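Some notes on the structure that comes next.
The values are calculated or read from the model by the stated rules, or taken from the named source; none is laboratory data. Computed from a predicted model, the values in this text were never measured in an experiment. Backbone-built Cβ (ideal geometry, glycine too); neighbour counts: all protein chains shown. Each accessible area value is taken on the protein alone, full model and side chains, heavy atoms only, with ligands, DNA and RNA left out. Shrake-Rupley method; radii C 1.70, N 1.55, O 1.52, S 1.80 Å.
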Amino acid sequence: MTNPLFVATIYTMKVSSKLILFSFFSMVITMCFYSVERLIYFLWNHQSFHGVVANEIFSAFFSGLRFDLYAVVITNLPVFLLSLLSFSKFENIQLRVLVFLSILINLTFLAINQVDIEFSNFLGRRMTIGNLNFFHEAQGKISGFIFTYGFLIFIQVLINLFFVFCLIKLSQKLSTKKYEWNLSKYFLCIFLSLIFFILAIRGGLQRKPLAIAHAIQFESSYLNQMVLNSTFTLFRGETKHLLEEKKDFPNMQSLIPYLNGADSSPSLWQGNLLKKKMNIIIVILESFSNEYLEFAPYLTSLAQKGLYFENTYANGRRSIEAISSITSGIPSLMSNALVTTPYFNDEFSGLGNIFKKYGYHTSFFHGGLPGTMYFDLFTKKVGFDHYYSSESFDPQHMPKETYTDDFWGIYDEPFLQFMSQKLDQFSKPFLSAVFTLTSHHPYKLPPPYDKTLPQGKIPILQTVAYTDMAIQKFMDQIAKKDWYPNTLFIFVADHTQLPYKAQYDNTLGRYRIPLILYSPSIQWPKVDTQKIVQQADILPTLLDLFQIQEKVPLFGKSIFKKTGDQVVLLSDQTYFILKDSFALRLRPDKSEYFDIKNDFPLNTPLEKPIDGLEKSLRATIQYYNNGLLNDQL
């Protein structure tokens, strides 16, 4: 029988609730600041929300609240747990400790969200644990970041100071009064808090816990990223295993007929450039969307003389992903770039490995620091023996402002001139690639070009004109060399950037890049330059041109095949496969088919599925996932 005295004690005994109240109110305040950061994300990237209607923006803000709740609860659990241990004699001292801990924790994660307002533009998505190497990349560039993003940094500093002010004022208000609960109320609070935290961390009562996939609600990738916050993606953006083993086909052999590279149609190319020992120069154009070519008159003139494939797709949204697609034929079909994952240790070859077998000198040029985007590691893996970076460049008494942007590295014009001198010194034949740099945010130009080159609707266009001019001077310089006529040039972009034309302002448009093949001496066969092609086609195309028999991944195929590609893309946890004039969009919860010839923005799904598309898509996904997991590519 229950002792009445014990029950009375339970109801009358008092416990201080001051620390618990601070814990809860501080989380409410932090939630408000996460919404403020979402608003700043929207305002800072407002050009990317062109065409988005108001109700979608409000919906994105509302949907983001449960992601914010997860972020605030998971990061403030230590504060809440400590708030349960209240000692009346020391509660004000404990309160000050909680204030300090809350400020330290929340400012850290708010700062990550603030950095990601601009950094997400480089990634094409919110930051994850695997992207924290960015801070290593930023070493030596802090002054450049402060100069470039000074206004954004100033606003964020003010917000952070106001956040600190709010928490201190909250603690001061709580410290002036006595807040007490009896034990029954105290334990009821703990019980209800436990339920609340479980629901907040789980994201609600839905069947599956809250995941990034729940943010994929809109056609606009930027809206989907606005729903999220960077704290959530840091905690939930990656799992222990980056790739999941697929079992749609019984084995690798059974899925090969459905892969793009298994196309057995004959090639239109009948020559053999290997017999001529022809040099190869690959120019990877930083952030050159296909629509930007109107600001690149020289590249446009080369496109008219050579082969220009207008419907070319990047196999990823980042420079670090383009390297694998272009040099090894492996697209980006997972959340992390290949070079940053354990699968980078798999056995695969690339352009350098293959052409070295035939006596080629191999080299790679990039005007940034040696470790930028792990370019040096990846290019070494695929056989480029010589790597030239900003550290290789000798300014020869040039004024500093004329050769470096003090941010990413050496401007394109002086670096390409440096490359032209090196090429002349190499043994022939050679395979060389260069990754341009200047058309990268913050779009800085050396004098006097910042005043003389044409400007467009968006800042990148003037730097595109600069890089085009730098390429023309590079080509004019090497045209004087005796080895120039015996050289094949490939110009391809790494990824797109902000669209400024309506027809490119959609999911697929953000992957459309130029691909140009040019040579002073090659007579090209008549090929359909309107068909769909991709970055991953460059490796098999070169093997076709040089008549080299080599086992390479089956994602790409020679652009001289009579048929077009089937291109597979991954965007916001949504897979796309494009083939001929049709597309399939495969989301975690549904699949939709589209006629991209008449509906490129993918506005109106077809009523009936297109035969074979989903099977080809699932075959490609399984080939990619299982191939990397089991080292079978």
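A protection proxy built from the mean count of other Cβ atoms within 10 Å ranks the segments 69-79, 44-54, most packed first, as 69-79, 44-54.
Backbone geometry of the range 464-470 corresponds, through the Karplus equation with coefficients 6.51, -1.76 and 1.60 at θ = phi - 60°, to 3J(HN,Hα) couplings of 4, 4, 5, 4, 4, 5, 5 Hz, x marking Gly and Pro. Couplings 3J(HN,Hα) for the range 245-262, derived from phi with the Karplus relation 6.51 cos²θ - 1.76 cosθ + 1.60 (θ = phi - 60°), are 5, 9, 9, 5, 10, x, 7, 5, 5, 6, 9, 4, x, 8, 8, 4, x, 8 Hz, where x marks Gly and Pro. From most to least packed by mean Cβ count within 10 Å, the peptides 323-334, 543-554, 428-439 give 323-334, 428-439, 543-554. The peptide list 573-582, 417-426, put in order of mean Cβ contacts within 10 Å with the highest first, becomes 573-582, 417-426. Charge dipole (Cα centre; +1 on Lys/Arg Cβ, -1 on Asp/Glu Cβ; no other charges) of the chain amounts to roughly 1380 debye. Remark: accessible surface ordering of Glu180, Glu37 (largest first) is Glu180, Glu37, probe radius 1.4 Å. Consider the candidate values (1) -0.36, -0.49, -1.10; (2) -0.46, -0.58, -1.25; (3) -0.27, -0.39, -1.09; state which one is log10 I(q)/I(0) by the Debye sum over Cα atoms at q = 0.05, 0.06, 0.11 Å⁻¹ computed from the structure displayed. Among (1) -0.36, -0.49, -1.10; (2) -0.46, -0.58, -1.25; (3) -0.27, -0.39, -1.09, the one derived from this structure is (3). What angle, in degrees between 0 and 90 and rounded to the nearest 10, separates the Cα long axis of helix 183-202 from the longest principal axis of the Cα atoms of the chain? The angle comes out near 10 degrees. Within the same chain, aspartates and glutamates fewer than 8 places from Lys457 are excluded, and of the rest, those with a Cα less than 13 Å from its Cα are Glu291, Glu294.
When the pairs Lys526/Lys615; Lys531/Lys579; Lys381/Lys473; Lys275/Lys428; Lys356/Lys422 are compared against a 21 Å limit on Cα-Cα distance, Lys526/Lys615; Lys381/Lys473 fall above it.
Taking Phe196, Phe58 and ordering them by how much accessible surface each has at a 1.4 Å probe, largest first, produces Phe58, Phe196.
Here Lys557 is the anchor, and the aspartates and glutamates within straight C-alpha reach of less than 12 Å, apart from those fewer than 8 places off in the same chain, are Asp263, Asp537, Asp544, Asp565. Other residues within the sphere of radius under 11 Å centred on the Cβ of Glu401, judged by their own Cβ, net out at -1 (K and R +1, D and E -1).
As a test of the formula, what do you get for the chain when each DSSP H run with n ≥ 4 contributes -39,500 (n - 2.57) and the sum is divided by the residue count, at 222 nm and rounded to the nearest 500 deg cm²/dmol? Counting only the DSSP helices, I get -13500 deg cm²/dmol.
Could you give the size of the charge dipole of the range 22-108 about its Cα centre, using +1 on the Cβ of each K and R and -1 on the Cβ of each D and E, expressed in debye and rounded to the nearest 20? Mind dumping the intermediate values first?
Working: 4 positive and 4 negative charges, 44 e Å.
Dipole of the range 22-108, to the nearest 20 debye: 220 debye.
For the chain, carbon and sulfur atoms together expose 60% of the accessible surface, with a 1.4 angstrom probe and every protein chain in place.
Surface calculation, 1.4 Å probe, protein heavy atoms: Glu391 sits at approximately 140 Å² accessible. For the range 409-517, the dipole from Cβ point charges (+1 on Lys and Arg, -1 on Asp and Glu) about the Cα centre works out to 120 debye, to the nearest 20. A simple count of charges around Leu431, restricted to other residues whose Cβ falls under 13 Å of its Cβ and scoring Lys, Arg +1 and Asp, Glu -1, yields +3. Using the Cα centre of the range 312-462 as origin and beta-carbon charges of +1 (Lys, Arg) and -1 (Asp, Glu), tell me which of Thr402, Pro342, Phe355 is placed farthest towards the positive end of the dipole. Comparing the listed Cα positions along the dipole, Phe355 ranks first. With protein chains left intact and a 1.4 Å probe, residues in the chain average 44 Å² of accessible area per residue. Using a cut-off of 15 Å between beta-carbons, work out the net charge of the residues near Asp595 (Lys and Arg +1, Asp and Glu -1, Asp595 not included). Its environment carries a net charge of -1. Of the trypsin sites (Lys or Arg not before Pro) found in the range 450-507, those that fall in a DSSP loop while having at most 11 other beta-carbon atoms within 10 Å are Lys457, Lys480. For Thr404, the residues 5 or more places off, or on other chains, whose built amide H falls under 5 Å of its own are Tyr411.
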